[in-house]
Amino acid sequence: MTVGYLVTATGPGDEWQAVCPAPCHHGAVIGGETREDALSHIRNAIIMILAEMGLNGVSPPADEPVPDSVVLTLATEGKAE
């Protein structure tokens with residue numbers, strides 16, 4: 001299944017921070033030394049969150065509009081419905 005989520009990456013400060021509001025309450029806020037690191041880390045976090053949700057029979061959360069965001073397209077295990 002392929003899923004796309006809107007993500008913001010802000011920085012630099014001490015580090016870049018990437019946020020994905022849709023699964024945010026599951027821990028989809030993460031940092032990195034560079035913007036690319038932060039986006040890579042958030043991609044991995046979202047994949048893990050979606051895998052855990054799938055194991056628990058929970059549907060992926062709906063995407064939420066975010067100003068100044070980028071779309072991360074994720075390939076996850078499982079069947080598209």
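The values are calculated or read from the model by the stated rules, or taken from the named source; none is laboratory data. What you see is a predicted model, and the numbers here were worked out from it, not measured in a lab. Here the Cβ is made from the backbone with ideal geometry for all residues, glycine too, and neighbour counts use every protein chain on show.
Criterion first (of a type outside the set (S, T, N, Q), crowded, with 19+ Cβ neighbours inside 10 Å and either assigned to a helix (DSSP H, G or I) or at pLDDT 85 or above (or both)) does residue 46 satisfy it?
yes
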Practice item. Looking only at the stretch 30-45, count how many residues are under 13 Å from residue 8 (Cβ atoms) and out of contact with any helix residue (DSSP H, G or I) (no Cβ under 8 Å at 6 or more places or on another chain). Key: 4
Revision key, fill the gap. Among the residues of the stretch 25-43, the number that are in a loop (DSSP other than H, G, I, E, B) and surrounded by fewer than 16 Cβ atoms within 10 Å (Cβ to Cβ) is 3
